[in-house]
Amino acid sequence: MAFIDEILQQPSYGWMDDRGLLIRPTLRQLYAEAFSRINIFKSKKNWISLFSWAMAACMLPFFLFFLIDFISWKLVIVLTVYAMIVMSTHGTIWFHRFCTHRSYRFSQKIWRFITQNLVIRTFPEELYVISHHVHHVKSDEPGDPYNPQGGFMYCMLADINHQAISRNLSQEKYQRVRHFLDHTGVALNSYKDYLTWGSVSRPAYVIILLLLNWTVWYFILYFIGGNGLVCACFSGAFLWQMLVRAFNYTGHGKGKNKQIDGIDFDKSNLSINQTRPGLFSGEWHNNHHLFPGSARAGFLPYQLDLAWIYIYCLFKLGMVSSYNDSKKEFLKKYYAKARIAE
């Protein structure tokens, strides 16, 4: 078995059947797996899966207070922009291009910390980063933690059902998994602590950082615009946390080949370049699959890339020391050939 196949904790229904085909669990199986994975009384190693949804549960009251006490057209616009652009772009900048793909480097740890906490925190880095490495190796194949061919809820519940790391890694393999996060500033468990907690991240670090982040952002937003602004932005973070779970389902054609020649150049998977995620967060997903290590994914003139603009601005200010940019390679290797073929 390849190392990449051993990283994640396999769900009770398995990744594939005896024929090597994807197992598509029923809704009942998906929910049963989810409730089992967040059962902290069954095992404290379930803490990180429980924490992911506990964060959402703690943000839900902000959304309810927003709907009951503070809703207005102005704050609806704030909520929408915060969820669809601010949170979404930050997800691309931090979780995707830095934490997972190391497409750029910070010159000082302080700029890394500030970037990490530019927005209201929603889930631990570990759940995104490690599983995303698996996704790139096994895109749209059995073992892909958010395989769109498994269905909508297969992707929506992936952070609980499919993205936690295996509990049975050897010390050597655990160190290799740990390496996926050792540049992020996240406090990491030793192998001994991993055997206790079942995670790479230290629980105390994850919990304390969340509390500090939420406290600071609460007071900043309160002094700017009172509890109405607080509830609008926390509601935006809550909605983004819910909606981002569906991205790989839609971003990979809902499990069907919806690629368009001249727009989607990577034919090795089902990823597509969507206009809204591209313009709002720089997530030109098919481009990203072609060059996952690039700090820029908006390669064509109309492909606005807000995440790249942030990274490039930090580079010009000396806060980012280096970055990878695959635009020239893309234009030469793919776009120019496609134009010649036309």
For a quick check: sort 194, 146 by the number of other beta carbons within 10 angstrom, fewest at the front. 194, 146
Ranking of 200, 129 by count of other Cβ atoms within 10 Å, fewest first: 129, 200
Given charges at beta-carbon only (K, R positive; D, E negative), |dipole| of the chain in Debye: 380
When each of 138/333; 256/333; 45/173 is checked by Cα-Cα distance, pairs over 20 Å: 138/333; 256/333
Using the count of nearby Cβ atoms within 10 Å as a rough guide to exposure, how do 196, 250 rank from fewest to most? 196, 250
Once you keep just the Cα pairs under 8 angstrom separated by 6 or more residues, what percentage relative contact order results for region 103-233? 23
Give me the percent of Cα-Cα pairs in the chain that sit more than 30 Å apart, rounded to a whole number. 37
Taking only complete DSSP H runs, can you tell me which helices of the chain stretch 18 Å or more along their own long axis by Cα positions and average at least -0.5 on the Kyte-Doolittle scale? 47-65, 125-137, 203-243
Pop a pseudo-label 7 angstrom from the Cα along the beta-carbon direction at both residue 333 and residue 64 and give the gap in nm to one decimal. 5.1
Translational diffusion of region 116-269, µm² s⁻¹ [Kirkwood Rh, Cα pairs; Stokes-Einstein; 37 °C; 0.692 mPa s]: 186
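Any read-out appearing in this document is the output of simple, stated calculations on the displayed coordinates, not a laboratory observation. These figures come from a predicted structure and were not determined experimentally. Positions of Cβ are generated from backbone atoms using ideal geometry, with glycine treated the same way; all protein chains shown enter the neighbour counts.
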